[in-house]
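Asker: The structure is given below, and queries will be raised subsequently.
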Amino acid sequence: MQVALGVTGGIAAYKSAELLRRLQDRGFEVQVIMTDAARQFVTPLTFAALSGRKVITGLFDEAAGEANLASVIEHTAVAQNMDALVIAPATADIIAKMAAGIADDFLTTLYLAARAPTIVAPAMNVNMWEHPATQHNLQILRDRGVHVIEPEEGYLACGMIGAGRLAAVETIAQTVFETLSQRSDLEGETVLVTAGRTEEPLDPCRFLSNRSSGKMGYALAEAARRRGARVTLISGRSSVDPPPGMVVERVRTALEMMEAVNKHFHEVTIFLMAAAVADFRPMRIAPAKLKRNSGALALRLEPTADILGEVARRRKPRQLLVGFAAETENVVSNASAKLRAKQLDLMVANDVTQPGAGFEVDTNIVTLLFADGRQIPLQKMGKLDVAHRILDAVAQLRSKLGAEKTLAIHVSTEPAEGSGQLR
Ligand code: CTP
């Protein structure tokens, strides 16, 4: 597997040489790309010697003195061959360019041409890190599926103390490794995951929502991507950053979530509806803030549309549908009833009153309920592990569906009675 390592101009650029080594230790081939500013801190020769490859320093072949075709199309060749793009250290400047889509050197052009997961490890002065412009740009990247490895706090090269020191080289190497170690049993699948909570506004300042953190849905999206699927994540509000390597669409209300799901559903082969959608919304949104001194307030609520139930009615035979039921009593019977009512292939039921299950925590305790009546209770485990167990079940259902299809083809190609010919 090949990793493209982008080195930009910061004091921490010297640490990228160590990162290169740690990536090689994990079996990756590394192609280094340096920006002009990076070359003020470390020479390309260091990276060329360690990687055993030419270091890419510009869009044009400087040795030739002019642009030549090979060097001009090199960014697309690197983009096609690489399995991940890692930028460490990433300056505020490169982060801003990536957010804006500026492509004025090799690295920024490569980022735009790339379809592989992108991991960014920022390093900069604490004030630059905390500046709203930098934080805004990072949020844009996160929403686009870029994995941002937060810098550490400590003594910075500028003499200040605070956040901005490049994350430990080992952490960055391990993140790359985990991002790329995947089973490929979902290759060819187009997976749509909904996650997080919706918010239903009451007035410009207030809304109705719930306690879902989005962690379970994000873990599912991450696990599906690692197993080779093309993933789209539709996310309501959540407390965690979306995983890298997928398209992320942000929504706020149940209605917006329904519109986003409807937009993607026709192209989806596996639909995992993990979002905690509001079941009710205020019938009227007050145009101005509701005032306490206006006395008692009665809220009139109307039900939202059942997104999963509605798409299930127009599903195609190859589409697999998975629902989630967070229950507080009669968990299995309530969840089974929903599985049947919404005509799902799989329902993931959990009792949110149990410690270590449900909202905000990093673990979950679920029971998998299948359309054929099978039930598989799982032990308490981390949400990423739960996600993989759910996808194991989905992959099994998919291969069963494939086998049934093959059987159907066999049956229809039996010789017609007396004809001796294939129909
Ligand atoms: N769901 C949905 N649209 C809604 C509400 C829920 O698509 N408006 C989905 C959830 O994402 C979940 C499944 O339906 O995958 C079950 O959600 P749940 O809230 O447990 O069930 P409801 O059908 O809303 O029934 P109730 O809340 O009355 O128990």
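The values are calculated or read from the model by the stated rules, or taken from the named source; none is laboratory data. Here the structure is a predicted model, which is why all the values come from computation and not from measurement. FYI the Cβ positions are ideal-geometry reconstructions off the backbone, even for glycines, and counts take in every protein chain you see. Surface areas here come from the heavy atoms of the whole protein model, side chains and all, with no ligands, DNA or RNA. Shrake-Rupley method; radii C 1.70, N 1.55, O 1.52, S 1.80 Å.
Asker: Out of Ala195, Val7, Pro151, whose Cα points farthest toward the positive end of the dipole of the chain (charges: +1 Lys, Arg; -1 Asp, Glu; placed on Cβ)?
Answerer: With unit charges placed on the Cβ atoms, the residue in question is Ala195.
Asker: Hey, another quick one. With a cut-off of 19 Å, note down the residues of the range 298-342 whose backbone N falls inside the zone around a label point 7 Å from the Cα of Cys205 toward its beta carbon.
Answerer: Once the point is set 7 Å along Cα→Cβ of Cys205, 298-299 turn out to lie under 19 Å by backbone N, inside the range 298-342.
Asker: Using amide H atoms built in the peptide plane, which far-off residues or other-chain residues are under 5 Å from Val251 H to H?
Answerer: Ser235, Gly236
Asker: Can you give the local net charge around Arg292? Use residues other than it whose beta-carbon is closer than 13 angstrom to its beta-carbon, Lys and Arg +1, Asp and Glu -1.
Answerer: +2
Asker: Would you pull out the residues with amide H under 5 Å of Ser213's amide H, same chain only if 5 or more places away, H placed 1.01 Å from N?
Answerer: Glu360
Asker: Place the peptides 28-34, 204-210 in order of packing, highest mean first, counting for every residue the other Cβ atoms within 10 Å and averaging per peptide.
Answerer: So the order, starting with the most tightly packed, is 28-34, 204-210.
Asker: Sticking with this one: Can you give the % of DSSP beta bridges in the range 2-181 that are antiparallel, to the nearest 5?
Answerer: Once the DSSP bridges in the range 2-181 are tallied, antiparallel ones form about 20 percent.
Asker: So what are the ³J(HN,Hα) numbers for the range 148-158, from phi and the Karplus equation (6.51, -1.76, 1.60; θ = phi - 60°), rounded to whole Hz, Gly and Pro as x?
Answerer: Each residue of the range 148-158 in turn: 9, 8, 4, x, 9, 8, x, 6, 9, 4, 6 Hz.
Asker: Exactly which GluC sites (Glu not before Pro) in the range 322-394 are in a DSSP loop and have at most 10 other Cβ atoms within 10 Å? Provide the component values of the computation, followed by the final result.
Answerer: Working: sites: Glu327, Glu329, Glu360; in loops: Glu329, Glu360.
Sites meeting the loop and neighbour criteria: Glu329, Glu360.
Asker: OK, next. How far, in nm, would the chain grow between Gln174 and Tyr14 when pulled straight, counting 0.36 nm per residue and subtracting the alpha carbon separation?
Answerer: In short, 55.7 nm is gained.
Asker: With springs only between Cα atoms under 10 Å, which of Ser213, Ser333, Ser16 fluctuates most in a Gaussian network model of the chain?
Answerer: Largest GNM mean-square fluctuation: Ser333.
Asker: Now for a different question. Calculate the translational D of the chain in whole µm² s⁻¹ from Stokes-Einstein, where the hydrodynamic radius comes from the Kirkwood formula applied to all Cα pairs, the temperature is 37 °C and the viscosity 0.692 mPa s.
Answerer: 136
Asker: Could you sort Asp279, Asp385 by accessible area so the largest value comes first, with the probe set to 1.4 Å?
Answerer: Sorted by accessible area, descending: Asp279, Asp385.
Asker: Right, next: Can you give me the relative contact order of the range 187-328 as a percent, contacts being Cα pairs under 8 Å and 6 or more apart?
Answerer: Result for the range 187-328 is 29 percent.
Asker: Taking the chain as the reference, fit the longest principal axis to its C-alpha atoms, fit the long axis of helix 215-226 to the helix C-alpha atoms, and give the angle between the two in degrees, 0 to 90, nearest 10.
Answerer: With rounding to tens, the tilt is 70 degrees.
Asker: Looking at the range 190-407, what % of the alpha carbon pairs are farther apart than 23 Å?
Answerer: 47
Asker: Mind giving me the nanometre distance, one decimal, between the label points for Phe60 and Asn81, set 7 Å out from Cα along Cα→Cβ?
Answerer: Taking the two extended label points, one gets 2.4 nm.
Asker: Given Cα pairs under 8 Å that are at least 6 residues apart, what percent is the relative contact order of the chain?
Answerer: Answer for the chain is 10 percent.
Asker: So which of Lys338/Lys383; Lys338/Lys380; Lys15/Lys383; Lys263/Lys380; Lys15/Lys215; Lys338/Lys400 end up more than 26 Å apart by C-alpha? Display every interim value, and only then the final one.
Answerer: Details: Lys338/Lys383 22 Å; Lys338/Lys380 23 Å; Lys15/Lys383 33 Å; Lys263/Lys380 35 Å; Lys15/Lys215 32 Å; Lys338/Lys400 23 Å.
Pairs exceeding the cut-off: Lys15/Lys383; Lys263/Lys380; Lys15/Lys215.
Asker: Can you give me the distance in nm between label points at Ser399 and Ala48, each placed 7 Å from the Cα along the Cα-to-Cβ direction?
Answerer: If labels sit at Ser399 and Ala48, their model points lie 4.9 nm apart.
Asker: Moving on to the next point. Step by step: find N for the range 1-159, compute 2.2 N^0.38 Å, then divide the Cα radius of gyration by it. What's the final number? Each step should come with its number before you reach the end.
Answerer: Details: Rg = 15.0 Å, N = 159, 2.2 N^0.38 = 15.1 Å.
Compactness ratio reported: 0.99.
Asker: Also: Per-residue HN-Hα couplings for the range 354-371, Karplus 6.51 cos²θ - 1.76 cosθ + 1.60 at θ = phi - 60°, whole Hz, x for Gly and Pro?
Answerer: 6, x, x, 9, x, 5, 6, 7, 8, 10, 8, 10, 10, 10, 8, 10, 9, 4
Asker: How big is the range 188-250 on each of its three principal axes, counting only the C-alpha atoms and giving the largest first in Å?
Answerer: 44, 16, 14 Å, listed from the longest principal axis down.
Asker: Mean-square fluctuation check for the chain, GNM, Cα pairs under 10 Å: which of Arg398, Arg300, Arg39 is largest?
Answerer: Most flexible of the set in this elastic network: Arg300.
Asker: In addition: Going by alpha carbons, how many degrees (0 to 90, nearest 10) lie between the helix axis of 383-412 and the longest principal axis of the chain?
Answerer: 60
Asker: May I pose another question? For the chain, with the dipole built from +1 on Lys and Arg beta-carbon atoms and -1 on Asp and Glu ones, taken about the Cα centre, which of Gln354, Phe280, Val311 lies farthest toward the positive end?
Answerer: Farthest along the dipole direction, towards plus: Phe280.
Asker: Turning to a different aspect of this structure: Cα axis of helix 169-180 to longest principal axis of the chain: angle in degrees, 0 to 90, nearest 10?
Answerer: Between helix and principal axis, roughly 40 degrees.
Asker: When the accessible area of the chain is split by element with a 1.4 Å probe, what percent falls to carbon and sulfur? Numbers along the way, then the final one.
Answerer: Values: 11030 of 20630 Å².
Of the solvent-accessible surface of the chain, carbon and sulfur hold 53 percent.
Asker: Highest GNM mean-square fluctuation, the chain, Cα pairs closer than 10 Å: which of Ser294, Ser181, Ser238?
Answerer: Top of the fluctuation ranking is Ser294.
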